[in-house]
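Colleague: Before anything else, here's the structure in question.
The values are calculated or read from the model by the stated rules, or taken from the named source; none is laboratory data. This one's a predicted model, so the numbers in the text were calculated from it and none came from an experiment. Note: ideal-geometry Cβ built from the backbone for every residue, glycine included; neighbour counts use all protein chains shown.
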Amino acid sequence: MPFPQIDPIALQLGPLAIHWYGLMYLAGFGLAWLLGRWRIRHHPCGLDLRDLEDIIFYCVLGVILGGRLGYVLFYKFSDYLANPLAILRVWEGGMSFHGGLLGVIVALLLFARRRQRSLLELGDFIAPLIPLGLAAGRLGNFINGELWGRPTDLPWGMIFPHAQDGLARHPSQLYEMGLEGLALFALVWWFARKPRPAGQVSAVFLMGYGTARFLVEFTREPDAFLGLLAGGLSMGQLLSLPMIVIGLLLYWRAAAGSSR
């Protein structure tokens, strides 16, 4: 199946090029804002619309700074150590979800301290808002024809032009969009519809994302400069395993605390 040729530039205004991938980021934060407004109205949590706007602002910084630094540390540390100024070349690509997640956690911690709120309760509020943004981001990866999957003979295998080998490959970006995005959204949103012990909604998000990413990575082509690592696992899988473990521990701790 040929890859649908989609111009990665959505709009060209003279020298200014607006890329679909950038619009996907905006769509993700816009969806988080809309879903956050709905949760504030239907699930009172002590937050108001101004708090929501501040949280999203903090999270935007966390995603961008954490995502970039995470990519540097987890994927190309030696390259950037040799050329530190290249870290600033964000237009060349290079973002890490796991780094962005750590950045969001730090941002929420700062917000929680400044507003004297519970970090776990903030995490439970923001967790259901994240997956649709992840889905939008993976759609942006697909439009760019990047982060393609491993070779396959399945009928929906696609020939990605940038792969340069002419092999049909898994459209792993769409798998991630479906599992890490849409399915995870349905799971976390459903779980969060009822009051839960503080930390459990966050735990379900961590376990759900970590499991989905771990499984999809079996169909995704490993980064050429890294390949497969310990145990034949990819970097994405190695970074997802701690998410699953932390999610399990957080869920158990929240359940144990509520039963006392």
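Colleague: One residue is enough: does the range 205-215 have a residue meeting the conditions within 27 Å of PRO44 (Cα to Cα), modelled with pLDDT of 95 or more and either surrounded by fewer than 18 Cβ atoms within 10 Å (Cβ to Cβ) or in contact with a Gly (Cβ under 6 Å, 6 or more places away or on another chain) (or both)?
Modeller: Residues of the range 205-215 that are within 27 Å of PRO44 (Cα to Cα), as a first pass: 205-209.
Next cut, modelled with pLDDT of 95 or more only: 205-209.
Next, from what is left, pick out any that are either surrounded by fewer than 18 Cβ atoms within 10 Å (Cβ to Cβ) or in contact with a Gly (Cβ under 6 Å, 6 or more places away or on another chain) (or both): 206-207.
Scanning the range 205-215, I find at least one residue that is within 27 Å of PRO44 (Cα to Cα), modelled with pLDDT of 95 or more and either surrounded by fewer than 18 Cβ atoms within 10 Å (Cβ to Cβ) or in contact with a Gly (Cβ under 6 Å, 6 or more places away or on another chain) (or both), so the answer is yes.
Colleague: Let me ask something additional. Need the failing condition index for LEU11 against (1) surrounded by fewer than 12 Cβ atoms within 10 Å (Cβ to Cβ); (2) not basic (Lys, Arg); (3) not in a strand (DSSP E or B), just the number.
Modeller: Only one criterion in (1) surrounded by fewer than 12 Cβ atoms within 10 Å (Cβ to Cβ); (2) not basic (Lys, Arg); (3) not in a strand (DSSP E or B) is unmet by LEU11, namely (3).
Colleague: For the range 236-260, which residues satisfy the criterion of being in a helix (DSSP H, G or I), surrounded by fewer than 14 Cβ atoms within 10 Å (Cβ to Cβ) and over 19 Å from the mean Cα position of the chain (by Cα)?
Modeller: Once the filter is applied, which keeps residues that are in a helix (DSSP H, G or I), surrounded by fewer than 14 Cβ atoms within 10 Å (Cβ to Cβ) and over 19 Å from the mean Cα position of the chain (by Cα), the range 236-260 yields LEU249, TRP252, ALA256, GLY257, SER258.
Colleague: Right, next: Please state which of the following conditions THR219 fails to meet, knowing it meets all the rest: (1) more than 20 Å from GLU121 (Cβ to Cβ); (2) within 19 Å of the chain's Cα centre (by Cα); (3) surrounded by 14 or more Cβ atoms within 10 Å (Cβ to Cβ); (4) without any contact (Cβ under 8 Å) to a residue 60 or more places away in the chain.
Modeller: (4)
Colleague: Give the range 59-97 a look and list any residue that's outside any helix (DSSP H, G or I) and within 23 Å of SER234 (Cα to Cα), or say none. It would help to see each step written out before you state the result.
Modeller: Within the range 59-97, the first condition is being outside any helix (DSSP H, G or I), and the residues that meet it are 75-76, 83, 89, 93-96.
Matches in the range 59-97: TYR75, LYS76, GLY93, GLY94, MET95, SER96.
Colleague: From the set of residues in the range 98-140 that are among the basic types (Lys, Arg) and assigned to a helix (DSSP H, G or I), which is nearest to ILE246 (Cα to Cα)?
Modeller: Taking the range 98-140 as the starting set, the residues that turn out to be among the basic types (Lys, Arg) are 113-115, 117, 138.
Filter again for assigned to a helix (DSSP H, G or I), leaving 113-115, 138.
Working: ARG113: 22, ARG114: 25, ARG115: 25, ARG138: 24 Å.
Going through the qualifying residues, I end up with ARG113.
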